[in-house]
Amino acid sequence: MRLTFVGTGGGMPTPERALPSLAIRFGGSLFVFDCGEGTQRQLMAAKLGFPSSTHVFVTHLHADHYLGLAGLIATMDLSRREAPLHVYGPSGIRDSLELLLLGSRINPSFEVVVKEVGAGEVMSGRDFVIDAIWTNHTVPSLAYRLRERDRPGKVDVGFLESIGLPKGPLWGELQRGRTVVYRGRTIRPDEAVGPPKRGRSVVYSGDSAPFAGMVEFARGADVLVHESTYDRSLKSKAEEDLHSTAADAATIAMTAGVKLLVLYHLSSRYRGRWEILLNEARSVFPNVILPEDLQSIDVTC
């Protein structure tokens, strides 16, 4: 599970920070959360490319979060993509994307599958679930969470070898929680396999003023990527625009008990002095990073 911070800026890009986009590579798929202008160039620069299993999750319909879809689709088409592209977002994303493509004279040869979603489960696979909640913003906006399903516990190799059970399919059955019988002996999973390993989770806030629901949504997450548009000296502006300060994001991270907070959606007014936001957050919650564009981190077990 690798996170790449494709674009870390807010509504106005800077030479160092592109518009918002987070990419997560997991299980052979690429999950892209928000798609600001130029996202396709950033994905290429990060050497992520456009895998056949690519899914884009738009938080809301402010320009800096979805206008890059037109360029992304055009680039994929020029690359002779054949696999479908899946796009998820709140109500209105289908019409907005159709207008973008129509106005840009983009008629892709591959299928663009658009699904309008709300709170609850958005997508799932064998090893993961992606769900969402509504956030507190000026337009309908979603936060997304990628949750890895709990993984089977570790096989007690010494025990199974001691009872003579050969390595093979029966080991897998035990690891999947099924009792097996071998040479008349019943072997239970709880005596042959350790406890399940908790799945990893990443939460992406999108744009939002702080609210209690975000704390519960991010509870125990390995990584919380939370918008931190302003510092506390602009708290009144953050409240007016329904954005968060770095201190707000850190308070949510602390209260939710997350392992790592990532500051995101950074206002261009802090260009050259990003440490203002980082230092503010660290005064509340110690385990914080303020990434550069294209920086990557691995979410370990």
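What the table below lists for this structure:
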| item | result |
| --- | --- |
| Of 90, 33, 78, farthest towards positive along the dipole that unit charges on Lys, Arg, Asp, Glu beta carbons give segment 27-98 | 78 |
| Kirkwood Rh (inverse of mean 1/r, distinct Cα pairs), segment 147-301, angstrom | 18.2 Å |
| Taking all pairs of distinct alpha-carbon atoms in the chain, Kirkwood radius in angstrom | 20.6 Å |
| Unit Cα scatterers, Debye sum, segment 1-156: log10 I(q)/I(0) for q = 0.11, 0.16, 0.21 Å⁻¹ | -0.42, -0.88, -1.53 |
| Partners for residue 259 among aspartates and glutamates (Cα-Cα distance below 20 Å; same-chain residues under 8 apart left out) | 131, 148, 150, 216, 222, 227, 248, 280, 292, 298 |
| Mean Cα-pair separation over length for segment 1-68, i.e. relative contact order, pairs under 8 Å, 6 or more apart, % | 31 percent |
| Local electrostatic count, residue 138, Cβ distance below 11 Å [Lys/Arg +1, Asp/Glu -1] | -3 |
| Segment 1-66 - Rg (one decimal) and Dmax (whole number), Cα, Å | 11.1, 33 |
| Percent RCO, i.e. relative contact order, over the chain, from Cα pairs under 8 Å lying at least 6 residues apart | 18 percent |
| Computed [θ] at 222 nm, helices only, for the chain once each DSSP H run of length n ≥ 4 contributes -39500 (n - 2.57) | -7000 deg cm²/dmol |
| Mean separation of Cα contacts under 8 Å, 6 or more apart, over the residue count of segment 44-159: relative contact order % | 23 percent |
| Listed residue (52, 209, 284) projecting farthest to the positive dipole end of the chain, Cβ model | 52 |
| Within-10-Å neighbourhood charge of residue 86 [Cβ basis; K, R +1; D, E -1] | 0 |
| Average projected area [Cα convex hull, segment 69-222], square nanometres | 13.4 nm² |
| DSSP loop GluC sites (Glu not before Pro) with at most 12 other Cβ within 10 Å excluded, longest remaining stretch of the chain | 112-291 |
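Where a number appears in this text, it was derived from the coordinates with a stated rule and is not lab data. Bear in mind that the values here come from a model prediction, so they are computed numbers and not experimental data. Virtual Cβ from ideal backbone geometry, glycine too; neighbours counted across all protein chains shown.
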